[in-house]
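Student: Got a structure for you, questions after.
What follows is calculated from the coordinates using simple rules that are stated; it is not laboratory data. As the structure is a computational prediction, the values presented were derived from the model and not from experiment. Every residue, glycine among them, receives a Cβ derived from its backbone with ideal geometry; neighbour counts consider all protein chains shown.
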Amino acid sequence: MSAHPAAPATPRPWWSYVEPWAGAYALLGFTVSGGLPMLLPLAVDRAGNAAEVGLVMASLSLGTVMSPVCGALADRYRIHRILLAAGVLLTGVAVALLAWTTGVGPRAALAFAAGCGSAAASTVAYLFVVEAHPRAEWPHRFGALQLVYVSAQVLGLIFAGFIARIDLHAGFIADGAVAMAAALVAWLSTGSRRYATGVGFTRPAPGSPNPPIAQHPPVMRVEHALGVHRGWHLPNGAVLRRVAASPFAIFLGVWVLAFTGSSTFFALYPVFMARVFHIDPSRSSLAYAAAVGLSLTLFSPAARWANDLGAGRLVRVGIQIRLLALLVIAGLSVLGGAAGALGAVVAFAALVLAWALLGVSGPPLAARRSPVGEGEGMGLYNAAGAAGGVLGGLLSGWAAQTWGYEAIPVAGAVCLGAALLLTAADPTWGRKLSPPAVPAPNG
């Protein structure tokens with residue numbers, strides 16, 4: 001149990017929960033969730049093919065394997081400050097080097113390095129909340145942190161659209177410089193003895209589960225670009241056998257398929273919009289930024305819907321919306337024209353907005369269905385999302401290379417349809433599970 005005093009009962013403004021180190025995390029969002037999803041596919045596409053674009057984007061998602069490693073290092077050696085600053089610096093250097101790198105191999109390696117650095121920094125940001133503050137403050141602090149992060153992501157998308165019209169190389173250098181500046185902010189803002197050494201942090205006992213995810217707010221950003229909530233327990237064989245024999249295995253299968261289907265489109269989004277609908281990156285990035293910004297308004301009502309309808313039903317609705325959006329895009333890609341382009345932008349916005357439903361309902365549903373405890377369950381939940389990101393990138397590139405870019409939304413829709421069908425294999429999927437506690441993202 002935490003030794004911290006209880007959180008104050010009087011309401012506080014959201015910005016009072018933002019600490020100085022959050023500035024580094026926000027700058028990281030500008031680069032990783034704002035710049036890279038636009039600049040990286042475009043740069044690889046100019047010198048390579050669709051399969052290479054998919055491979056590089058899959059490498060970026062694969063970097064999330066560092067999350068449990070960094071979490072374990074922070075717990076054992078109390079080097080939170082070093083991991084945060086080093087992770088952000090690694091991301092910045094890798095992104096900047098992309099400006100002078102050619103060839104799919106070196107680009108995939110740098111994308112993987114950027115993903116590892118971002119995963120390390122995100123894990124420490126998670127720990128700075130759950131280890132340094134009372135549990136009652138977690139929803140408020142995570143909500144404020146993600147609000148700052150997503151605001152920076154929107155700015156990063158707008159900047160990426162602007163710089164893509166001028167020089168992609170300059171975009172990588174600028175985005176890398178922002179992340180390297182974030183490393184300096186991270187180091188300077190965590191210089192106190194408390195953050196540098198973990199004094200006063202709640203140190204988990206050996207073998208103890210992660211804090212209950214039902215108390216955590218949802219991740220408030222588009223999920224293909226590295227989520228923040230990463231479990232740091234590595235499940236053993238006994239845990240995996242228990243999971244395989246339970247309905248939780250069905251949930252994990254649904255999550256992998258749903259993430260694969262979504263990531264199939266996100267991985268090549270700017271290239272697809274340019275090749276199929278002739279929408280230049282400056283406009284497609286603005287559409288992306290607008291959709292992400294609009295999604296912020298949905299998290300609080302989505303939390304209420306999850307309580308009213310049940311998390312399982314809300315996951316199903318989110319998958320249905322994404323399936324319909326990709327089917328619409330697939331149909332419009334055949335028609336083409338200005339009307340088709342406008343419809344594709346609207347459908348893509350629906351694809352992004354559906355994450356509010358999935359992001360709110362997925363974590364508590366995973367925690368409640370896990371037969372091995374919330375900590376291990378969340379580790380597997382996050383691993384399923386990461387696996388979907390990697391598979392989606394590979395599937396996207398392969399589908400476009402084999403059948404053309406018009407096949408990308410079709411491939412994604414097939415995966416989402418399979419995820420939807422798999423929910424029917426669990427007869428308890430639509431039932432409300434108690435306690436139905438899904439906190440609002442910003443308190």
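Student: Can you compute 3J(HN,Hα) from phi for each residue in the range 24-33, using the Karplus curve 6.51 cos²θ - 1.76 cosθ + 1.60 with θ = phi - 60°, rounded to whole Hz and x for Gly and Pro?
Tutor: Karplus values, whole Hz, x for Gly and Pro: 5, 5, 5, 4, 5, x, 4, 7, 7, 9.
Student: From the square roots a ≥ b ≥ c of the eigenvalues of the alpha-carbon gyration tensor of the range 99-171, which class results: rounded (a/c under 1.5), prolate (a/b over b/c), or oblate? Please report the intermediate quantities before stating the final value.
Tutor: Numbers: a/c = 5.43, a/b = 1.78, b/c = 3.05.
Taking the square roots of the gyration eigenvalues as a ≥ b ≥ c, the range 99-171 is oblate.
Student: Next question, about the same structure. Could you give each residue of the range 302-315 its phi-based ³J(HN,Hα) in whole Hz, using Karplus coefficients 6.51, -1.76, 1.60 with θ = phi - 60°, and x for Gly or Pro?
Tutor: Ordered by residue, 3J(HN,Hα) equals 5, 4, 5, 4, 5, 5, 6, 8, x, 5, x, 5, 5, 4 Hz.
Student: Just to check I understand the Karplus step: with θ = phi - 60° and J = 6.51 cos²θ - 1.76 cosθ + 1.60, what whole-Hz values come out for the range 329-345, glycine and proline as x?
Tutor: 4, 4, x, 5, 5, 7, 6, x, x, 5, 5, x, 5, 5, x, 5, 5
Student: Give me the extension gain from Arg78 to Ala47: residue separation times 0.36 nm, minus the current Cα-Cα distance, reported in nm with one decimal. Write down the numbers at each step before the final one.
Tutor: Working: separation 31, 0.36 × 31 = 11.16 nm, distance 4.32 nm.
6.8 nm is the gain from fully extending Arg78 to Ala47.
Student: How would you rank 240-251, 56-67, highest first, on the average number of other Cβ atoms within 10 Å across their residues?
Tutor: Descending packing order for the listed peptides: 56-67, 240-251.
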